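Enquirer: Please find one structure pasted underneath; my questions will follow.
The values are calculated or read from the model by the stated rules, or taken from the named source; none is laboratory data. The structure displayed is predicted, hence computed values, not measured ones. Please note: Cβ atoms are built from the backbone with ideal geometry, for glycine as well, and neighbour counts cover all protein chains shown. Remember, those area values only see protein heavy atoms, side chains included, never the ligands or the DNA or RNA. Shrake-Rupley method; radii C 1.70, N 1.55, O 1.52, S 1.80 Å.
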Amino acid sequence: MSKSKEAGRIDLRTDIEHANETLRNRQLCFRLKQTMPLGDEYNSLVKELFYGNIGDDSYMMPPLAVVGASRISIGCNVFIMDGILLMGSGGITIEDNVQLAANVQILSNNHDLRDREVITLAPVRICRGAWIGAGATILPGVTIGENAVVGAASVVTRDVAPNTIVAGNPAKLLRSFDPSTDNYF
């Protein structure tokens, strides 16, 4: 890993490793769009895209856009609907039994306010059993707690506690629940 990544920044003008991986990711995403979903060839390309860091019984529907795939880890039994955007340069961890609805965006990097050719990095973690609604955006540095639910079209700017439901822009707490006894709604 380059020194700039360790410091939480990547200079897009000079980081050749990042540029090469971005090209690789774009090419593999393009190939995935041209391949029958969930077949052997498709599943092989998904494993290649994520450097094998995708657990058993996890599925991802096309189309998808991925940057920084080498810093993304996807657990077992994860289901990701179409239209996902994973900006993983800052690191994304998706734990087991997570569901991501269509058009979810998970961003672990952002452009520096003063120098737009530099991206800042902050990891995102989606904990076990979380459910992210359609069109939600998870911003850099956020952790979504175990079993948490993020409502559709929400923009998550802060950590979400386990066993809670949040929604809105910015996402706000709607209520807590006991996953062993409560219905979500």
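Enquirer: Report, ordered by the first and then the second residue, all pairs with beta carbons closer than 7 Å, sequence separation of six or more or different chains, a first member in the stretch 21-35 that is under 14 Å from Tyr51 (Cβ atoms), and a second member that is charged (D, E, K, R).
Expert: If the second residue must be charged (D, E, K, R), the pairs left are Leu28/Glu48.
Enquirer: Follow-up question, since we're still on this one. Any idea which of Arg26, Arg31, Arg13 is farther than 18 Å from Leu86 by Cβ and not polar (S, T, N, Q)? Break it down into steps so the answer makes sense when it comes.
Expert: Details: Arg26 fails: farther than 18 Å from Leu86 by Cβ; Arg31 fails: farther than 18 Å from Leu86 by Cβ.
When all the criteria are applied, what remains is Arg13.
Enquirer: State all residues of the stretch 80-110 that are over 12 Å from the mean Cα position of the chain (by Cα) and over 16 Å from Thr137 (Cα atoms); if no residue qualifies, say none.
Expert: Asp96, Asn97
Enquirer: Counting residues that are of a type in the set (Val, Ile, Thr), which strands (runs of 3 or more DSSP E) fully inside the stretch 108-183 reach at least 1? So that I can check it myself, show each step before the final result.
Expert: Values: elements: 109-111, 118-121, 124-126, 164-167, 172-176.
By residue number, 118-121, 124-126, 164-167.
Enquirer: Here's a follow-up. In this structure, does Leu100 turn out to be surrounded by fewer than 20 Cβ atoms within 10 Å (Cβ to Cβ) and farther than 18 Å from Arg71 by Cα? Please lay out each step first, then the result.
Expert: On the way: surrounded by fewer than 20 Cβ atoms within 10 Å (Cβ to Cβ): no; farther than 18 Å from Arg71 by Cα: yes.
No: the conditions fail for Leu100.
Enquirer: Given the structure, is Thr120 among the β-branched types (Val, Ile, Thr), more than 21 Å from Ser70 (Cβ to Cβ), modelled with pLDDT of 95 or more and surrounded by fewer than 20 Cβ atoms within 10 Å (Cβ to Cβ)? Show your work before the answer.
Expert: Working: among the β-branched types (Val, Ile, Thr): yes; more than 21 Å from Ser70 (Cβ to Cβ): no; modelled with pLDDT of 95 or more: yes; surrounded by fewer than 20 Cβ atoms within 10 Å (Cβ to Cβ): yes.
Considered against the rule, which asks whether it is among the β-branched types (Val, Ile, Thr), more than 21 Å from Ser70 (Cβ to Cβ), modelled with pLDDT of 95 or more and surrounded by fewer than 20 Cβ atoms within 10 Å (Cβ to Cβ), Thr120 comes out as no.
Enquirer: Given the conditions (1) touching a Ser or Thr at 6+ places or on another chain (Cβ under 6 Å); (2) of a type outside the set (Val, Ile, Thr); (3) under 28 Å from Arg13 (Cα atoms), which single one is not true for Glu48?
Expert: (1)
Enquirer: Name the residue that is most open to solvent (accessible area, probe 1.4 Å), counting only residues in the stretch 22-59 that are of a type in the set (Ser, Thr, Tyr) and on the phi < 0 side of the Ramachandran plot. Write out each step before concluding.
Expert: Start the filter on the stretch 22-59 by keeping residues that are of a type in the set (Ser, Thr, Tyr), which leaves 22, 35, 42, 44, 51, 58-59.
Remaining after also requiring on the phi < 0 side of the Ramachandran plot: 22, 35, 42, 44, 58-59.
Numbers: Thr22: 18, Thr35: 18, Tyr42: 2, Ser44: 69, Ser58: 18, Tyr59: 89 Å².
Restricting to residues being of a type in the set (Ser, Thr, Tyr) and on the phi < 0 side of the Ramachandran plot, the top hit is Tyr59.
Enquirer: Ok, one more. Taking the condition of being closer than 19 Å to Pro123 by Cβ and either open to solvent by 40 Å² or more (accessible area, probe 1.4 Å) or among the aromatic types (Phe, Trp, Tyr) (or both), how many residues in the stretch 66-84 meet it?
Expert: Going through the stretch 66-84, the residues closer than 19 Å to Pro123 by Cβ turn out to be 66-75, 78, 80, 84.
If we keep only those that are either open to solvent by 40 Å² or more (accessible area, probe 1.4 Å) or among the aromatic types (Phe, Trp, Tyr) (or both) as well, we get 70-71, 73.
Counting residues in the stretch 66-84 that are closer than 19 Å to Pro123 by Cβ and either open to solvent by 40 Å² or more (accessible area, probe 1.4 Å) or among the aromatic types (Phe, Trp, Tyr) (or both) gives 3.
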